[in-house]
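The values are calculated or read from the model by the stated rules, or taken from the named source; none is laboratory data. No experiment lies behind these values; they were computed from the predicted model shown. Cβ placement follows ideal geometry from the backbone for every residue including glycine, while neighbour counts extend to all protein chains displayed. Accessible surface areas use protein heavy atoms only, side chains included; no ligands, DNA or RNA. Shrake-Rupley method; radii C 1.70, N 1.55, O 1.52, S 1.80 Å.
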Amino acid sequence: VTQDVIKSLGRVKSEEDWNRAESILDALKKGEKLVRLKELEIKHQLELGGIWVGDEIWREVGVGAALASSFSERKTGFDLERIVFLLVVNRLYKPSSDWSALRWINEKAYTQMRAKKQWIYRSLDVLVEGKDRIENSLFENLKESLDLSLDLVLYDLTSSYFEGVGPKLAMYGYSRDHRPDRKQLVLGVVMADGIPIAHRVWAGNTADKSTLKEVVADLRERFGIRKGKVVLVADRGVVSLPNLGELEEIGYDYVFSTRRRRDRLVEGLLVKDVSGSGRLRAEEVHSTGGRRYILCLDEETREARLKTLRHVREEAGEKLHALRERYKKSGSGKSRGRPMTRKSARQRVDKILGTSKRLFDVTVDATVKWELNEEAWRYERAIAGKFLLVTTSDLEPLQAMESYKDLKDVEQAFDELKNLLKLRPIYHRVDKRVKGHVFICILALLLKRLMEKKTGLMFREIMKKLERLKVNVIEVEGEEIYQRNQINHGQKEILKELAVEKPPKILTEPKM
């Protein structure tokens, strides 16, 4: 009989020590390894929390199934649906370029694949090719899983700019990012119950009002939303008389904000008083041909606007006075530098007044003269804090006003897309890749909104907790073990609210 000391466990001095020794012996008989703490080495950590939760929601609401169905006939040699999912969930962590996403997938995320560069681009291409089919399937799944309300459907537009040359889509146009120096695209998003259900991408020089026809076609033909079942809410940019006629012909009810100027009927209605004493007030002031005009007033906005008007008037007067003195000195030869011409003085006037130039009558001749345009000033004061809605719905005036204010949710979604999920700037030079990038951001917005909807928490608070749930890659005697760290109370609450099972303590090794 020979003996071999495998490991020294110390002296046995108590009953507790005997019990521990016996449990170790049983483990060794089962083939389990005995490891001392000093032999453990944590090589690095991988992201788990947001991926684990995002994947569960992704499957629950049918995004994964919608993508898998659309991709079923594609022979690519890799899992398209998983790559798209990882690109989407990457936007919830540290969104950046496709190259950064690839590095994150391969180096930072707990995944079951080792992605290649061409997989990213191929996934974007195929995603766009199946866009309508994916959105249709996803819409049906969301209706069933969330009991999605379609009483009000919100539609609005934004723009996003490119860095570099850009593709054919990249055109100069009205920039909502205040970057007229950059080529851009136009993005339209349709939302219901705070959830994005469809989107479209147009060239950067597309007129807002020309986009509505395609959106209505989506609602009617792709999603099967018929008349009498929806009220479409949109901002003034997409409204024109032909737009309204087309909607009425189809049978859709709508709530639109009208333009505030250059329409005699609108200008005449906007200066009317709104009865009542509440901060938010609304009153029907006109109707014709089935269209109801509802005048809305927000007293807080009115006070702020009147204060701004007073400030604009005072500041413009001071700057115009200073310009007049400079112009006078320049003409007399007493000023340094090049003389100021009439044309350059006029340009400076336009820059000083900006969008408020309608409030002033300015002439530049031998000197700079100006006076307040009293008619324009009275009109701006009269319409401060007001907006005029046109609707064919039977909503009460305050309900119509509230439905229009819901458009702020779309504006908030645009802010999330641009600043949180990093939709902009766009670097792709192929139209299909650009649209794929936009679709990835929209799907990330969907996951974000669903997380918030289910937990009642702000997204940053959710991710702050989930980002702490990681996988520790532990090396033991040349072998790697994948063990998640301890789940704290905050993480348990989030998993409970989302009805997501906690990940196992020991996870399988990723396939590389």
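So here's what we get for this one:
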read-out: Residue within the stretch 227-243 that is open to solvent by 10 Å² or more (accessible area, probe 1.4 Å), β-branched (Val, Ile, Thr) and either assigned to a strand (DSSP E or B) or more than 19 Å from VAL128 (Cα to Cα) (or both) present; value: yes
read-out: Residue match in the stretch 248-256 (condition: at pLDDT 90 or above, part of a helix (DSSP H, G or I), charged (D, E, K, R) and farther than 26 Å from SER145 by Cα); value: no
read-out: Number of positions in the stretch 257-290 that are under 26 Å from THR355 (Cα atoms) and assigned to a strand (DSSP E or B); value: 1
read-out: Lone unmet requirement of (1) closer than 30 Å to ASP132 by Cβ; (2) modelled with pLDDT under 90; (3) open to solvent by 10 Å² or more (accessible area, probe 1.4 Å) for LEU407; value: (3)
read-out: Some residue of the stretch 438-458 being touching an Asp or Glu at 6+ places or on another chain (Cβ under 8 Å) and at pLDDT 95 or above; value: yes
read-out: Matching entry among LEU138, LEU87 (being modelled with pLDDT under 95, within 22 Å of the chain's Cα centre (by Cα) and more than 21 Å from GLU501 (Cβ to Cβ)); value: LEU138
read-out: Leading residue by the ranking (most open to solvent (accessible area, probe 1.4 Å)) among those in the stretch 57-75 that are of a type in the set (D, E, K, R) and more than 22 Å from LEU450 (Cα to Cα); value: LYS75
read-out: Residues of the stretch 160-201 satisfying the condition of being open to solvent by less than 20 Å² (accessible area, probe 1.4 Å), in contact with a Ser or Thr (Cβ under 7 Å, 6 or more places away or on another chain) and under 30 Å from LEU395 (Cβ atoms); value: VAL186, LEU187, GLY188, ALA192
read-out: The stretch 110-147, subset small (Gly, Ala, Ser) and part of a helix (DSSP H, G or I), residue least open to solvent (accessible area, probe 1.4 Å); value: SER123
read-out: The stretch 478-503, subset outside any strand (DSSP E or B) and touching a strand residue (DSSP E or B) at 6+ places or on another chain (Cβ under 7 Å), residue surrounded by the fewest Cβ atoms within 10 Å (Cβ to Cβ); value: ASN485
read-out: The one condition in (1) modelled with pLDDT under 90; (2) surrounded by 16 or more Cβ atoms within 10 Å (Cβ to Cβ) that ARG222 fails to fulfil; value: (2)
read-out: Test: residue in the stretch 203-213 that is of a type in the set (Asp, Glu), in contact with a Phe, Trp or Tyr (Cβ under 9 Å, 6 or more places away or on another chain), in a loop (DSSP other than H, G, I, E, B) and within 18 Å of THR158 (Cβ to Cβ); value: no
read-out: Options ALA207, ALA198, ALA203; residue that is closer than 29 Å to LEU443 by Cβ, within 23 Å of the chain's Cα centre (by Cα) and touching a residue at least 60 places away in the same chain (Cβ under 8 Å); value: ALA198
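Results for (1) closer than 29 Å to MET171 by Cβ; (2) among the basic types (Lys, Arg); (3) crowded, with 17+ Cβ neighbours inside 10 Å, shown as yes or no for each residue.
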{"site": "LYS369", "(1), (2), (3)": "no, yes, no"}
{"site": "GLU375", "(1), (2), (3)": "no, no, no"}
{"site": "ARG378", "(1), (2), (3)": "no, yes, no"}
{"site": "ALA384", "(1), (2), (3)": "no, no, yes"}
{"site": "ASN419", "(1), (2), (3)": "yes, no, no"}
{"site": "ILE426", "(1), (2), (3)": "yes, no, yes"}
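Here is a yes/no grid of residues against (1) of a type outside the set (S, T, N, Q); (2) closer than 30 Å to GLU452 by Cβ; (3) assigned to a strand (DSSP E or B):
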{"site": "TYR161", "(1), (2), (3)": "yes, yes, yes"}
{"site": "ARG176", "(1), (2), (3)": "yes, yes, no"}
{"site": "ASP181", "(1), (2), (3)": "yes, no, no"}
{"site": "GLY188", "(1), (2), (3)": "yes, yes, yes"}
{"site": "MET191", "(1), (2), (3)": "yes, yes, yes"}
{"site": "ILE197", "(1), (2), (3)": "yes, yes, yes"}
{"site": "LEU219", "(1), (2), (3)": "yes, yes, no"}
